[in-house]
Structures are given as C-alpha cells and as structure tokens.
Amino acid sequence: MYPAAFEYHAPASIQETLGLLGRLGDDAKLLAGGHSLVPMMKLRLARPKHVIDLRKVPGLAGVREEGGSIVIGAMTTHWQVESSPLLCEKCPILSDTASVIGDPQVRNLGTIGGSLAHADPAADIPATAIALGAEFVCEGPKGRRTVKVDEWFQGLMQTALHEDEILVEIRFPAWPAGSGGAYMKFPHPASRFAVVGVAAMVTLDGKGACTKAGVGVTGAGTKAVRAKGVEAGIVGKTLDQATIEGAAQNAADGVDVQADLQGSVEYKQHLCRVFARRAIEAAVKRARG
Ligand SMILES: Cc1cc2nc3c(=O)[nH]c(=O)nc-3n(C[C@H](O)[C@H](O)[C@H](O)COP(=O)(O)OP(=O)(O)OC[C@H]3O[C@@H](n4cnc5c(N)ncnc54)[C@H](O)[C@@H]3O)c2cc1C
C-alpha cells in the first residue's frame, strides 16, 4: 500500500522545524523513526500533506546525566536506549524496556520521543516513563515548557503536546539509593506490542520497607496509566510475598480496560495483576542488590 501524496521537508534546526510547523499547521506531521507514522500513512489512517523529517535536526538525540537526572533526547533510538552504558548502569529499567520493543529493525529506527509522542496504547516505554516519574520537555514558538508524566497521556494517542511543538527531550529524575525497577510484559506474538505491560520502581530503606514506589500499566486500556492502588498497597510496607500479591490485585483499578481480538476485559485485568506482581518482585530483587 502507498501513502497519499505529501511534500517532504528536511529542516536543519529546531527553529526551522518550528517555522514549518507554524506555517503548515494541521497539514504537517513530524517524522522521527517512521515506525508508527509511515504504517498509518500507508493504511491512509494519516494523510499529512507535509512530512517534516527530524533526522537532520541536530541536538535531538543522545543520553546524558544532568543535575542528577537522566536526560534522553527525543530522537534517541530504542537501540541506543537499550545499549547505553549510562542507562544500563544508572537506570536499567529503561534499557530493559527498550530491549523488548518490537524487533531489531524497529529498535534501530524507532525513537523514544516518537513512541511517547505517538502514545500508542500498547507501547512499552509509557509504562516505564510513568513508573520513573518522567518529565517531557517540549519546544514551541513561545519557548520551552516541561510537562509531568501524569499530565502527558490524555487519551487514545493523545498527549499534552501542542500541534506547534516538538518533543525535545525526556528527563528522568534520579531515584534514591536502595531503588530498583523492572518492566514485565505479555507481548503480542506477532508485533511484540504489549497486550499488557507493567513497570515498577521501588525504593527500600535499610530495614526492607518500601519508602517510594512508581507503577505504570500499559496495553490494557486506551492510554498508559499510573496504578495508584498498587503504589498505595506497597509504600510504607515491608515487601513480603503476601503484601506484593495483595497490592498487585489493584493493578487494573483505574484502567479503562478494553476488550479486543487479544482478550476479554476479565482476561486483561488478570494479566494486569499477574504482570504487576512479577514487575514488583523483580524490582524488589534489584533494589536489594
Ligand atoms: C512491526 C512493529 C512492531 C512494533 N512493536 C512495538 C513494541 O513491541 N512496543 C512498542 O512500544 N512499540 C512498538 N512499535 C512502535 C515503535 O516503537 C515506534 O518506533 C514508535 O511507536 C514510534 O516511534 P518513531 O520514532 O518510529 O515515530 P514516528 O512513527 O516517526 O512518529 C510517530 C508520531 O509521533 C510524532 N513525533 C515523533 N517524534 C516527535 C517529536 N520529537 N516531537 C513531536 N512529535 C513527534 C509524529 O509526528 C507521529 O505522529 C512497533 C512498530 C512496528 C512497525
């Protein structure tokens, strides 16, 4: 299948990109790795008259540490996130999550910013972004602004990003010593997208009690959400098996679980609970070192 005709633009700076977005408005779409936009164009689910390729815009890719936070440029590919020595050492949940996205071809071209801007309900990174408490740096005609992850995912493929803005980078604030995290998913056998995926971050004090937690659920509903009931069920508690299993029972609360060809509502709720338990167990293991 072929996309509808469009004009291709390859700006060489953020300013030039913003100028194009301002001038072309609704008729334009940004292109990152193209692994979500191009299939949609081929299926004619998207028909932009103008495609603005971000790949020649400098300064949008890379992983760095800044003021205690991990900062990842929007154009950083899933493979670069998966293989970054900094992330493997300081934030392995991000590398782990990137490593289970699609296949090597998808990970070599798809970008973290593209995934978070597209907000596919079955994408993996959104759950981990929620668990970690990510912040999104967007640049528009009025300059830069930062959006917290709890305001980012607004509905099915809808985010807080304005049409005249670019997602520039994603910031992941540092977690305290004694923290660990894990992402667990039930992958679709063909695409590898998450039928259900759960990311969990926990911080344990010297006595093994959980002092901080972040849990994100993706795949089951129309958007990734924070599993507040699970977080409330583990913070302040010693994380023995019964406590973890009890808290994981809340994993589908607040998720607008959708039945589809992959399963019924009840089945997906069950997956949320099972994968929440597994993610917390693995996070606790990591936090204990
Ligand atoms: C076969 C296949 C299997 C896949 N499996 C998985 C999987 O298992 N898990 C998973 O999470 N994902 C999966 N994906 C999706 C993949 O991760 C995509 O790379 C990702 O969703 C989109 O990133 P992209 O860089 O390709 O964005 P693009 O397709 O280029 O863009 C997607 C959307 O985001 C917008 N956009 C992109 N970058 C920016 C930016 N910097 N600022 C503002 N807007 C922007 C675009 O305008 C577009 O609307 C799969 C894709 C394919 C084709």
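If you check 47, 64, which single one turns out to be assigned to a strand (DSSP E or B), away from the ligand (no atom under 12 Å from the Cβ) and among the charged types (D, E, K, R)? Outline the logic, then answer.
On the way: 47 fails: assigned to a strand (DSSP E or B).
Within the list 47, 64, the selection yields 64.
Criterion first (farther than 28 Å from residue 19 by Cβ, among the acidic types (Asp, Glu) and buried (at least 20 other Cβ atoms within 10 Å of the Cβ)) does residue 124 satisfy it?
Yes; evaluated as a whole, the condition is true for this residue.
With 102, 113, 67, 73 as the choices, which residue is in the same structural domain as residue 139 (by TED's automatic domain parsing), surrounded by fewer than 16 Cβ atoms within 10 Å (Cβ to Cβ) and not polar (S, T, N, Q)?
On the way: 102 fails: surrounded by fewer than 16 Cβ atoms within 10 Å (Cβ to Cβ); 113 fails: surrounded by fewer than 16 Cβ atoms within 10 Å (Cβ to Cβ); 73 fails: surrounded by fewer than 16 Cβ atoms within 10 Å (Cβ to Cβ).
After ruling out the rest, the residue left standing is 67.
Within segment 184-224, count every residue that is within 14 Å of the chain's Cα centre (by Cα), part of a strand (DSSP E or B) and within 11 Å of the ligand (Cβ to nearest atom).
4
Need a quick list: helices (runs of 4 or more DSSP H) entirely within segment 108-158 having at least 3 residues that are farther than 15 Å from residue 32 by Cα.
Working: elements: 112-118, 125-132, 149-152.
Per the criteria, 125-132, 149-152.
With the requirement that a residue be modelled with pLDDT of 95 or more, within 14 Å of residue 125 (Cα to Cα) and surrounded by fewer than 24 Cβ atoms within 10 Å (Cβ to Cβ), what does segment 187-215 give you?
Answer for segment 187-215, where residues must be modelled with pLDDT of 95 or more, within 14 Å of residue 125 (Cα to Cα) and surrounded by fewer than 24 Cβ atoms within 10 Å (Cβ to Cβ): 187, 193, 195.
The values are calculated or read from the model by the stated rules, or taken from the named source; none is laboratory data. None of the values given here were measured: they were computed from a predicted structure. Cβ: placed from backbone, ideal geometry, glycine included. Neighbour counts: every protein chain shown.
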